[in-house]
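Visitor: Dropping the structure in here first, questions after.
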Amino acid sequence: MINEDAKPLWLFRQSAVVPWRMHDRQIEVLLVTTANGKHWTIPKGVLEFGYTPWDSALKEAREEAGVGGRVGRNKLGEYEYRKWGGTCHVDVYPLEVLEVMQTWPEMRKRKRRWCTLDKCAKKIKHGGLLPVLNKLPRYLKQI
């Protein structure tokens, strides 16, 4: 299957994580810069063949942010954005960070920064991602 721009449809199905931790009784989220370093976002990528969406998202967290932990299997939310001449659909999963690596595959390409949800809202440019982040406190009350 291909889209109108001759790109395979699997390229537009993505998964992501919201890496979170509790710090000084506040929820903090780990943001990473985009590959070009211009914007802040969450770890995400094309859904890997043979992986569940949440495992694929965890793989992206390790590669892009250098973190690991316990990923939730229930979606926190979803959003869409334009890229590669099409619309990418991103399923987003919560990731409780239990491991922060000192070195990781994309450490020379990306920065990472812990932020409170209020600060995340000021750093993230993509409006579709903010409603997903705002669901995190309600999700945490349920676990």
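The values are calculated or read from the model by the stated rules, or taken from the named source; none is laboratory data. Bear in mind the structure is a predicted one, so any value in this text is a computation, not a measurement. When we count neighbours, we look across all protein chains shown, and the Cβ atoms used for this are built from the backbone with ideal geometry, even at glycine.
Visitor: Cβ contacts < 9 Å: first residue touching a residue at least 60 places away in the same chain (Cβ under 8 Å) and more than 18 Å from LEU130 (Cα to Cα), restricted to segment 35-64; second residue part of a loop (DSSP other than H, G, I, E, B) and of a type in the set (Asp, Glu), any location; separation 6+ or different chain. Result?
Guide: Correct list of pairs: ALA35/GLU106.
Visitor: Looking at GLY50 and the list (1) surrounded by 15 or more Cβ atoms within 10 Å (Cβ to Cβ); (2) of a type outside the set (A, V, I, L, M, F, W, C); (3) modelled with pLDDT under 95, which single condition is not satisfied?
Guide: Condition (1) is where GLY50 drops out.
Visitor: Mind telling me which of the residues ARG21, ARG70 ends up being surrounded by fewer than 16 Cβ atoms within 10 Å (Cβ to Cβ), closer than 13 Å to LEU98 by Cα, in contact (Cβ under 8 Å) with a residue 24 or more places away in the chain and touching a strand residue (DSSP E or B) at 6+ places or on another chain (Cβ under 9 Å)?
Guide: Details: ARG21 fails: surrounded by fewer than 16 Cβ atoms within 10 Å (Cβ to Cβ).
None of the others qualify; the one that does is ARG70.
Visitor: Looking at this structure, is GLU60 crowded, with 17+ Cβ neighbours inside 10 Å and in contact with a Lys or Arg (Cβ under 7 Å, 6 or more places away or on another chain)?
Guide: Against the criterion (crowded, with 17+ Cβ neighbours inside 10 Å and in contact with a Lys or Arg (Cβ under 7 Å, 6 or more places away or on another chain)), GLU60 qualifies.
Visitor: Quick check: is even one residue across segment 96-106 in a loop (DSSP other than H, G, I, E, B), of a type in the set (D, E, K, R) and surrounded by 12 or more Cβ atoms within 10 Å (Cβ to Cβ)?
Guide: Checked segment 96-106: at least one residue is in a loop (DSSP other than H, G, I, E, B), of a type in the set (D, E, K, R) and surrounded by 12 or more Cβ atoms within 10 Å (Cβ to Cβ).
Visitor: Of all residues in segment 110-134, which are modelled with pLDDT of 95 or more and in a loop (DSSP other than H, G, I, E, B)?
Guide: Scanning segment 110-134 gives ARG110, LYS111.
Visitor: Do the conditions hold for GLU78, that is, is it surrounded by fewer than 18 Cβ atoms within 10 Å (Cβ to Cβ) and more than 18 Å from TRP20 (Cα to Cα)?
Guide: In short, no.
Visitor: Something else about it: Please list, ordered by first then second residue, the pairs with beta carbon atoms under 8 Å, 6 or more apart or interchain, first in segment 79-94 and free of Cβ contacts under 8 Å to residues at least 60 places away in the same chain, second of a type in the set (Ser, Thr, Tyr).
Guide: Sorted first by the residue in segment 79-94, then by its partner, the pairs are GLU80/THR87; TYR81/THR87.
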